[in-house]
1. Between residue 200 and residues 5 or more places away or on another chain, which pairs have amide H atoms under 5 Å apart, with H built 1.01 Å from N, and which residues are they?
2. Based on Cβ point charges of +1 for Lys and Arg and -1 for Asp and Glu, what charge dipole magnitude is obtained for segment 423-568 about its Cα centre, in debye rounded to the nearest 20?
3. For the ranges 260-267, 547-554, 395-402, what's the packing order if you count other beta-carbon atoms within 10 Å of each residue, average per peptide, and put the highest first?
4. For segment 176-192, just list the computed ³J(HN,Hα) in residue order, Karplus coefficients 6.51, -1.76 and 1.60, θ = phi - 60°, integers in Hz, with x standing in for Gly and Pro.
5. Starting from the amide H of residue 353, placed 1.01 Å from N in the peptide plane, find each other amide H under 5 Å away whose residue is 5 or more places distant or on another chain.
6. Could you tell me how many cubic angstrom of Cα convex hull volume segment 465-568 has per residue?
7. Between residue 233 and residues 5 or more places away or on another chain, which pairs have amide H atoms under 5 Å apart, with H built 1.01 Å from N, and which residues are they?
8. Where the eigenvalues come from the Cα gyration tensor of segment 257-411, what are the semi-axes √(5λ) of the equivalent ellipsoid, largest first, in whole Å?
Amino acid sequence: MAFSIWLSRLRSSSKSIFTHLRTTHNTNITSSLLASNPTSKTQKPFLLFSTSLLPLALAVSAGSLAIQSQTNPSLCDSSSSSHDSRVVSIGGKGSTESVVKGTHKEVPQELVDELKAIFKDNMTMDYEERYFHGTPQHSFHKAVNIPDIVVFPRSEEEVSKIAKCCVKHKVPIVPYGGATSIEGHTLSPNGGVCIDMSLMNSVKALHVEDMDVVVEPGIGWMELNEYLEPYGLFFPLDPGPGASIGGMCATRCSGSLAVRYGTMRDNVINLKVVLANGHVVKTASRARKSAAGYDLTRLIIGSEGTLGVITEVTLRLQKIPQHSVVAMCNFPTIKDAADVAIATMLSGIQVSRVELLDEIQVRAINTANGKNLSEVPTLMFEFIGTEAYAREQTLIVQKIVSEHNGSDFIFTEEPEAKKELWKMRKGALWACMAMKPDFEAMTTDVCVPLSHLAELISKSKQELDASPLLCAVIAHAGDGNFHTVIMFDPKDEEQRQEAERLNLFMVHAALSMEGTCTGEHGVGTGKMKYLEKELGIENLKTMRRIKAALDPNNIMNPGKLIPPHVCF
C-alpha cells in the first residue's frame with residue numbers, strides 16, 4: 001500500500017527509471033541485510049535528538065535537567081565521550097560507519113493489541129512492508145533494524161493515540177512522509193512504530209484572499225500545486241518529486257525557487273504537532289506576522305520528527321507568475337558558470353531560479369532523456385514578472401554571460417518547452433542513477449555565503465574529477481547551495497570509503513568558508529558527525545537539553561540530528 005502511494009507521487013518522466021532502479025537496488029539490499037540479521041539485539045545504544053529551542057529550554061530548571069540526565073542515560077552515549085580514539089559511535093566525530101546501529105527489544109503484545117484496536121486494517125507487521133519503510137528509497141544509509149509495526153493514521157486524533165500508546169510502553173516512533181529524504185531520516189535503528197502519514201493528505205481549508213492554505217502533512221507539494229492552479233496560486237517550494245509537505249517541514253527543505261521565495265521556514269505560517277506525550281500543540285495563529293510568545297513554528301521546522309509529529313500545516317501561497325522566461329547557457333569551466341551566478345545576484349535582478357549543472361550531470365540528462373545538450377558546465381535561469389520585465393531581465397543576464405566566457409545563450413517562453421527543461425532538471429538524480437543502475441548514490445549538499453560559491457565549487461570539482469568514481473555536480477547557485485551525486489558500488493568497501501572521503505572533503509571545505517554541512521537535505525544520521533565543528537559543543541548541548549525537556553523518554557525518531565557524543 002505504502003509503495004503504491006509513494007510511487008504515484010512521481011512524475012511520468014521519473015517512473016520508468018525509478019521502477020527499474022528500485023527492483024535491482026532493493027534486491028541487492030534485501031539479500032545483504034537479511035544476512036546481517038536486522039533484528040540483532042546486541043548493538044550499542046543509538047540516540048535521539050532535536051533542533052534548537054532555547055526559549056523552552058530556559059523554562060526548565062537547570063537542576064531538574066541535571067537530575068534527568070543522570071536518571072536517563074539513553075540521552076547521552078557515554079562511550080562516545082571516551083578519550084579512546086578507537087571508540088567511535090555512529091554519527092559521532094570521526095565516524096565512518098555506513099550502517100546505523102541501535103538497540104532493539106520486542107514490542108509488547110499489549111501495544112500491538114492497542115494499535116490493532118485503533119487501526120484495524122490500517123496497520124501492518126508484514127516483513128516486506130516493514131522492510132520497505134525501514135530502507136530509504138533515495139539514500140545509501142542503512143540501519144541494523146527496521147520498524148516492528150507500520151501504521152497509517154487518517155487523523156490527528158489517531159496520531160495522538162499512537163504517541164500515548166508508545167510513550168506508555170517506551171517504544172520508538174519514526175514519522176514517515178514522502179520517502180524522498182537523503183540523510184537517513186526515516187531509518188528505525190531501534191525498531192518501534194513507523195507512522196506513515198500518506199493517508200493524511202487532504203486540503204483542509206483554502207483562503208484565496210489571504211493567499212494561504214491549511215493542509216494535512218501527507219499531501220505532496222506537486223499534488224498541492226495541481227489543486228491550487230485553478231485559483232491562480234501556487235506553493236513555491238519545489239524539492240524532489242514525491243516530497244510531502246510534512247517531510248518538507250521536518251527537514252526544513254527548500255529547492256530551486258528558494259532564491260526568490262525563501263526556504264520552508266519562510267513559507268510556513270503555523271503547524272499543529274503531536275508531542276511525545278500525545279498532547280497536540282498549535283504553534284501560532286494564521287496571522288502573517290506575530291510577536292506573541294516563543295516561535296514554536298520555527299522550532300519544529302527542521303526538527304526531523306525528533307520533537308513531535310506534524311499533523312497540520314498552514315502555508316503561505318504566491319500568485320502564479322504572469323509570464324516567465326527560461327534561459328540556458330554554456331561555459332568552459334564550472335568556475336565561470338559560478339561567477340556568472342554570483343554576478344547575476346549582485347546585479348539586483350530578482351531571478352526565480354539559477355541552477356548550475358556540470359558536464360557529468362548534463363551527460364546523465366542526455367542519456368536518460370535522449371537529448372543532445374552540450375556536455376559542458378551549464379546554467380539554467382528562470383525570470384518572472386510581466387512579459388516586458390521578464391524579457392528585460394533575460395537580456396541583462398545575457399550581457400553578463402557574454403562578459404564571463406559564456407556562450408550559446410538560448411531562451412524560451414513556450415510553456416511546454418519550459419516544462420520539459422525543468423522536468424529534466426528535476427530528474428537529475430534518477431538520470432545519474434540510470435548511468436550506474438547497480439550502484440548506490442551518495443548524495444550530499446553543502447552551502448556557503450554566495451561570495452565563496454565559485455571557490456568552493458572549483459575546489460570540490462577538482463577533487464571530484466580526480467576520483468575514479470562517477471561524480472556529478474548540481475547547484476542552486478543563486479543562494480550558494482550545491483549538491484554532488486557520487487555513484488559507488490555498495491559491494492566495494494574501497495569505493496564506499498572513497499565516496500565518504502569526497503563527502504568529507506566538501507563538507508570541511510564549506511565549513512572553512514563559514515558555510516554549512518547541509519543547505520537543505522537536513523542532518524538525519526548522515527550529517528551528525530559534522531555538527532560540532534559547524535555549531536560548537538554548547539549549541540549541541542542546548543539542543544540536547546531541549547530534547548530532554550520535550551521528549552524525556554527519548555522515543556521520537558531515535559538516532560537522528562544530535563551527535564551521540566554530546567552530553568550535558
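The values are calculated or read from the model by the stated rules, or taken from the named source; none is laboratory data. What you see is a predicted model; the values in this text were computed from it and never measured. No Cβ is skipped: glycine too gets one built from the backbone with ideal geometry, and neighbour counts run over all protein chains shown. SASA here: full protein model, heavy atoms, side chains in, ligands and nucleic acids out. Shrake-Rupley method; radii C 1.70, N 1.55, O 1.52, S 1.80 Å.
1. The answer is 218.
2. Using only the charged Cβ atoms, the result is roughly 480 debye.
3. For the peptides 260-267, 547-554, 395-402, the packing ranking is 547-554, 260-267, 395-402.
4. Values, residue by residue: 9, x, x, 6, 10, 5, 9, 9, x, 5, 9, 5, 10, x, 10, x, x Hz.
5. Hits under the 5 Å cutoff: 382.
6. Considering the Cα atoms of segment 465-568, their hull volume per residue is 131 Å³.
7. Here the answer is 320, since their amide H atoms fall under 5 Å of that of residue 233.
8. 40, 20, 14
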